[in-house]
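Report on one structure; see the data block that follows.
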Amino acid sequence: MHRPLVVGNWKMHGSRPANAELLAALLAARPFAADVAVCVPYVYLHETAAALAGSELRWGAQDVSEHAQGAYTGEISAAMLAECGCRYVLVGHSERRAGHAESDMLVARKAQVALARGVTPIVCVGETLAERDAGHTEAVVKRQLSAVIHQLGHCAAEMVVAYEPVWAIGTGRTATPEQAQAVHAVLRAQLQAATGRAASMTILYGGSVKPDNAALLFAQPDIDGGLVGGASLQAADFIAICRAAG
Ligand code: PGA
């Protein structure tokens, strides 16, 4: 079993003083038995890098352009993220798939440009409540993941995958450990068929991970850590979740 990974997704939250306090608390809580990262708004990458440089804590972004460079006003390239020392970038978060009409193909291209610049994509997949109720969970997550596998080819084993049921994100409604494990096992099998190296790949669970449910989720055989939204903004909660993973 490899080291677990816990990633905080700050979404569009934060301020310079609040970030400084949160990062200082994380630094003070080290060492962690898990790898720990924060995915912050672009404008805070520079100061996050400055705060965490020299520590083993990692940072990343929440999205990336599928283009290398050019006339794409408002977009941020993978090369720019690499320049900021990003270890990770979230791609295909459900808030982007739903709110910005990101297709499976677009998400796959974003994962590819990130990897090409040495930034590990954390590819988010997950079903809506209607899809789950219709019995389509497996088909949906497999379709989402297969687009990325196809695009990355032999590099597919380099990505991190995050299973985030849409109905569990920010709702306080978490998938049960059994529900999450069942989907993780499906994803692991799909990754194994594609790469032959799935045992060494990291599959995170996300969706209302909190200090009181993290340990049970992380105890599942195919859950290798968490992608944490709301609870990653509270230092004590995020630290407790990081400790639950290690
Ligand atoms: P949540 O968000 O922990 O607030 O549910 C998770 C995510 O969107 O990555």
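Every number here is computed from the coordinates shown, using simple stated rules; none is lab data. Computed from a predicted structure; not experimentally measured. For neighbour counting, all protein chains shown are included, and Cβ atoms are generated from backbone atoms with ideal geometry for every residue, glycine included.
Whether any residue in the stretch 208-225 is of a type in the set (Gly, Ala, Ser) and either in contact with an Asp or Glu (Cβ under 7 Å, 6 or more places away or on another chain) or away from the ligand (no atom under 16 Å from the Cβ) (or both) is what I want to check. Break it down into steps so the answer makes sense when it comes.
First pass over the stretch 208-225, keeping only residues of a type in the set (Gly, Ala, Ser): 208, 214-215, 219, 225.
Next cut, either in contact with an Asp or Glu (Cβ under 7 Å, 6 or more places away or on another chain) or away from the ligand (no atom under 16 Å from the Cβ) (or both) only: 219.
Within the stretch 208-225, one or more residues are of a type in the set (Gly, Ala, Ser) and either in contact with an Asp or Glu (Cβ under 7 Å, 6 or more places away or on another chain) or away from the ligand (no atom under 16 Å from the Cβ) (or both).
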TODO: Looking only at the stretch 191-205, decide whether some residue is farther than 28 Å from ALA20 by Cβ, in contact (Cβ under 8 Å) with a residue 24 or more places away in the chain, within 11 Å of the ligand (Cβ to nearest atom) and within 17 Å of the chain's Cα centre (by Cα).
DONE: yes
TODO: For MET12, work out the one condition from (1) under 24 Å from LEU217 (Cα atoms); (2) surrounded by fewer than 17 Cβ atoms within 10 Å (Cβ to Cβ) it doesn't fulfil.
DONE: (1)
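Rundown of residues vs (1) among the charged types (D, E, K, R); (2) without any contact (Cβ under 8 Å) to a residue 60 or more places away in the chain, yes/no style:
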position: VAL36; (1), (2): no, no
position: HIS46; (1), (2): no, yes
position: GLU66; (1), (2): yes, yes
position: ALA71; (1), (2): no, yes
position: ARG96; (1), (2): yes, yes
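If you go through the stretch 7-15 one residue at a time, do you hit one that is within 19 Å of ARG117 (Cβ to Cβ) and within 16 Å of the ligand (Cβ to nearest atom)? Can you show your working first?
Looking only at the stretch 7-15, we keep the residues that are within 19 Å of ARG117 (Cβ to Cβ), and these are 7.
Of the ones still in play, those that are also within 16 Å of the ligand (Cβ to nearest atom) are 7.
The answer is yes, given that some residue of the stretch 7-15 is within 19 Å of ARG117 (Cβ to Cβ) and within 16 Å of the ligand (Cβ to nearest atom).
Of all residues in the stretch 58-78 being under 19 Å from GLN151 (Cα atoms) and not β-branched (Val, Ile, Thr), which is surrounded by the fewest Cβ atoms within 10 Å (Cβ to Cβ)?
Step one: filter the stretch 58-78 for residues under 19 Å from GLN151 (Cα atoms), giving 63-68, 77-78.
Right, trim to not β-branched (Val, Ile, Thr) and you get 63, 65-68, 77-78.
Details: ASP63: 20, SER65: 20, GLU66: 20, HIS67: 14, ALA68: 12, SER77: 19, ALA78: 27.
Only one residue fits best here, namely ALA68.
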Open item on the list: Filter the stretch 225-246 down to the residues that are over 15 Å from the mean Cα position of the chain (by Cα) and not in a helix (DSSP H, G or I) and list them by number.
Closed with: GLN234, GLY246
Open item on the list: Return the residues of the stretch 45-62 that are of a type in the set (D, E, K, R) and either out of contact with any Lys or Arg (no Cβ under 9 Å at 6 or more places or on another chain) or outside any loop (DSSP other than H, G, I, E, B) (or both); say none if nothing qualifies.
Closed with: GLU47, ARG58
Open item on the list: Residues that are crowded, with 20+ Cβ neighbours inside 10 Å and within 16 Å of the ligand (Cβ to nearest atom): does the stretch 144-152 have at least one?
Closed with: yes
Open item on the list: Residue under question is GLU131, and the condition is that it be more than 16 Å from the ligand (Cβ to nearest atom), closer than 18 Å to GLY206 by Cβ and over 14 Å from the mean Cα position of the chain (by Cα); does it hold?
Closed with: yes
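Quick check on my filter: what residues within the stretch 19-34 are exposed (fewer than 13 other Cβ atoms within 10 Å of the Cβ) and either without any contact (Cβ under 8 Å) to a residue 40 or more places away in the chain or acidic (Asp, Glu) (or both)? Full working, then the answer.
Applying the first criterion (exposed (fewer than 13 other Cβ atoms within 10 Å of the Cβ)) to the stretch 19-34 yields 21, 24, 28, 30-31, 33.
Within the stretch 19-34, GLU21, ALA24, ALA28, ARG30, PRO31 meet the criteria.
Please verify whether the stretch 214-222 includes one or more residues that are of a type in the set (Asp, Glu) and assigned to a loop (DSSP other than H, G, I, E, B). Working first, answer last.
Start the filter on the stretch 214-222 by keeping residues that are of a type in the set (Asp, Glu), which leaves 222.
Among the residues that remain, those that are also assigned to a loop (DSSP other than H, G, I, E, B) are: 222.
So far as the stretch 214-222 goes, yes, one or more of its residues are of a type in the set (Asp, Glu) and assigned to a loop (DSSP other than H, G, I, E, B).
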- [ ] Identify the residue in the stretch 153-184 that is of a type in the set (Ser, Thr, Tyr) and within 13 Å of the ligand (Cβ to nearest atom) and, among all such residues, is surrounded by the fewest Cβ atoms within 10 Å (Cβ to Cβ).
- [x] THR171
